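Written below as structure tokens is the structure these notes are about.
The values are calculated or read from the model by the stated rules, or taken from the named source; none is laboratory data. These numbers come from a predicted model, not from an experiment. Note: ideal-geometry Cβ built from the backbone for every residue, glycine included; neighbour counts use all protein chains shown.
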Amino acid sequence: MSEKFEQGVQALRQQIDARISAYFSSCVHCGLCAEACLFYTETNNPRFTPIHKLEPMKKLWRREYTFWGKLAAAFGLGQSLTEDDFAEWETLVYDSCTLCGRCSMVCPVGNDITYMIRKQREGFSVAGYAPDGMKEATRRALKIGSPMGVTYKTLKAALAHVEKDTGMTIPVDKQGADYMTLFSSMEIVNFPEYIESIARIFDATGVSWTISSKAFEATNSGIQIGNKEAAAEIVNRVVIAAEKLGVKYVISPECGHAYTAIRWEGPNLIGRKYPFEVIHILELLDQLKKEGRLQLEYKDSIPMTLHDPCQIVRRGGVVKQPRDLLNSVAEHFTEMKDHGVMNWCCGGGGGVSANERAEPLRLQVFNRKKRQLDELGINTMVTACANCRITLEEGLEHNEMDAEVISLTELIADHLVKDESKV
Amino acid sequence: MGQFIDGPLWAFSLGVFVLGVIWRVVTILIAGNRSDLATAKGSAGKGAIRAVFSRFIPERTVTSRGRIQLIAGYLFHLGLLALLFFAKPHVDFIAERITGLSWSAMPHWAFIVSAEAAFIGLILLWLHRVLNPVTRLLSDLDDHVGSILVFLVMLTGCLALAQSFEPLRLIHLLLAELLLIYFPFSKLMHAFTFVMSRGYTGATMGRKGINA
């Protein structure tokens, strides 16, 4: 038995709290969670049943927390958690779960299965049973500051382009600004239009904002792989930078799990409350619009639909704002049949998109989104997560679908009332 | 033997049930949860209460893809609850042997309907358990023992309804006692812990401003 395995079991043991105990005690193996999981519905493989992905943790719980388990252990009977369990379940835990949380919404006894899988990943990552892609991303995040290896130099180059295109000066390390904004690496590398969009919106609405050269990365691969120490360090960088700049708010960007990381898990990871508030970019845009500061003109006549990023909507609670914002710029916004907190995941969340070996499965389960789009007959999908965006684009391309994916923030920026004085 | 089933064994099984359930609930509670330091958007308490009740109403994924479990589940649970608390012999037994409180029993036709609903529901759920690839994979010995014990208790209960044949009543009582003893150490505990599970999830979601 390896030392890492022992440490993994210990890490897993530490995750078993009252919630986990109540959840395992309540599960009656009804299998309804499978019907809510796109990895099961698109493959019909029962092994992808969400609660089945928790067998290793359940094995430990049963042996150490239940009457029969303890009794069997006392007589040297029953099954202990083995290294083979970690090896066998690794792909189920990482490749076939995006932590989307849909299963948690349908469980009749109310089990938050996603919370359990997130916790189980803590044991797996410590034991070394995690995908190489996610291990590498976490290593880069800790060493370089970004899971994609994006440095401040890369961001600076992107900012220079934005400044050149817009004639604006992007505030960096501005002491005492109200808002400090974060980006995901994906936005910096793949969608720099997002940076330009928020610069234009903040300029038009008079928002006092800044970027920190020390902590601009919102992506938290520690959350995805399930390593609370790494996750805490990544959150802490943002907290220290925000405290040094004395900002009142930190803006979470269009990135789903970044919001979960900085908004909901962050204070618990670092063990203290923030002296600032965290606000999602969509919450801020909605607020600016309600205050009358965000003035938008005309509505697009192209039929549009909304893909809800799981971590922002179902797991984050930002449900109404994207709809209000989209309705203000789209004349024909139609919801998918399953939407809002019951949306279907893009298939690339929870680190799956960073996990190369999961690609064939990810593309297979994209069929769910494909069917949703086919049902609507709409070819323009708006979303608010860079990871969803790239996953959706890959899925569309793989299926040779003639559809486009648009960022909601970018769409809003395109509808800003033109300031004639600046033309 | 009859006196033993009616007397000491009944007291013992009831004691094991009550103390066992309390022990299980306490062991869950003492495992503890860390307090959430993230600033809440909504109320954890309201979210918990909402989830405890809202999960009785199935979400569309369940009504469309899990119809068998949904219909069978409701038939079984409602039928069983009606039988447990409103069958005349149970009302009398509870009044005489447990609480001293009595309430109106359901008429005979309602008993028949409840029994049929409970039997159909339980049999369907068990068939689904053994025939559906997902539930077959998930199910363990505990699931089957629980189902079979409940089935036998219900079956002997119906046979003993007329109360004309004492041995049948004693067999029913004996099985019910075995069920009570088995209950705290099994999945049957979900009858109590579902409130905790729904409550914990509802509280977390409530803090985030989500209706779960």
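At-a-glance table
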{"item": "Flag if A:Tyr40 is touching a residue at least 60 places away in the same chain (Cβ under 8 Å), in a helix (DSSP H, G or I), under 28 Å from B:Ser147 (Cβ atoms) and within 14 Å of chain B (Cβ to nearest Cβ)", "result": "no"}
{"item": "Extreme residue, farthest from the other protein chains (Cβ to nearest Cβ), among residues of the range B:5-30 that are under 18 Å from B:Phe194 (Cα atoms) and buried (at least 16 other Cβ atoms within 10 Å of the Cβ)", "result": "B:Phe17"}
{"item": "Leading residue by the ranking (farthest from A:Gln120 (Cα to Cα)) among those in the range A:43-64 that are surrounded by 20 or more Cβ atoms within 10 Å (Cβ to Cβ) and facing another protein chain (nearest Cβ under 7 Å)", "result": "A:Thr49"}
{"item": "Residues within the range A:48-102 that are at positive phi and touching a Cys at 6+ places or on another chain (Cβ under 9 Å), tallied", "result": "2"}
{"item": "Residue list for the range B:43-73, filter: within 9 Å of chain A (Cβ to nearest Cβ), of a type in the set (Gly, Ala, Ser) and surrounded by 16 or more Cβ atoms within 10 Å (Cβ to Cβ)", "result": "B:Ala51, B:Gly66, B:Gly73"}
{"item": "Residues (away from chain B (no Cβ under 14 Å), among the hydrophobic types (A, V, I, L, M, F, W, C) and closer than 27 Å to A:Trp209 by Cα) located in the range A:288-318", "result": "A:Leu288, A:Leu294, A:Leu296"}
{"item": "Flag if A:His280 is on the phi < 0 side of the Ramachandran plot, surrounded by 24 or more Cβ atoms within 10 Å (Cβ to Cβ) and modelled with pLDDT of 95 or more", "result": "yes"}
{"item": "Set A:Arg19, A:Arg47: member being assigned to a helix (DSSP H, G or I), in contact (Cβ under 8 Å) with a residue 12 or more places away in the chain and farther than 25 Å from A:Ser221 by Cβ", "result": "A:Arg47"}
{"item": "Complete set of residues in the range A:180-234 that are assigned to a strand (DSSP E or B), over 19 Å from the mean Cα position of the chain (by Cα) and hydrophobic (A, V, I, L, M, F, W, C)", "result": "A:Met180, A:Trp209, A:Ile211"}
{"item": "Residue that is farthest from the other protein chains (Cβ to nearest Cβ), among those in the range B:108-144 that are in contact with a Lys or Arg (Cβ under 9 Å, 6 or more places away or on another chain) and either surrounded by fewer than 18 Cβ atoms within 10 Å (Cβ to Cβ) or not in a helix (DSSP H, G or I) (or both)", "result": "B:His108"}
{"item": "Selected residue [under 24 Å from A:Val235 (Cβ atoms), surrounded by fewer than 23 Cβ atoms within 10 Å (Cβ to Cβ), at pLDDT 95 or above and not hydroxyl-bearing (Ser, Thr, Tyr)] from A:Val172, A:Val109", "result": "A:Val172"}
{"item": "Residue within the range B:97-106 that is in a helix (DSSP H, G or I), within 19 Å of the chain's Cα centre (by Cα) and away from chain A (no Cβ under 14 Å) present", "result": "yes"}
{"item": "Among the candidates A:Glu359, A:Glu394, A:Glu400, residue that is part of a loop (DSSP other than H, G, I, E, B) and either closer than 17 Å to A:Thr43 by Cα or of a type in the set (Asp, Glu) (or both)", "result": "A:Glu400"}
{"item": "Count of the range A:212-247 residues which are surrounded by fewer than 24 Cβ atoms within 10 Å (Cβ to Cβ), among the small types (Gly, Ala, Ser) and under 16 Å from A:Trp264 (Cβ atoms)", "result": "1"}
{"item": "Answer residue from the range A:106-151, given it is within 14 Å of chain B (Cβ to nearest Cβ) and not in a helix (DSSP H, G or I) and is nearest to A:Ala386 (Cα to Cα) among those", "result": "A:Asp112"}
{"item": "Residues of the range A:278-336 classified as in contact (Cβ under 8 Å) with a residue 24 or more places away in the chain, β-branched (Val, Ile, Thr) and closer than 24 Å to B:Lys41 by Cβ, total", "result": "6"}
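Every residue, every condition in (1) surrounded by fewer than 18 Cβ atoms within 10 Å (Cβ to Cβ); (2) within 18 Å of A:Gly349 (Cα to Cα); (3) in the same structural domain as A:Leu361 (by TED's automatic domain parsing); (4) of a type in the set (Val, Ile, Thr), yes or no:
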position	(1), (2), (3), (4)
A:Ile378	no, no, yes, yes
A:Val382	no, yes, yes, yes
A:Cys385	no, yes, yes, no
A:Leu392	no, yes, yes, no
A:Gly395	no, yes, yes, no
A:Ser407	no, yes, yes, no
A:Glu410	no, no, yes, no
A:Asp419	yes, no, no, no
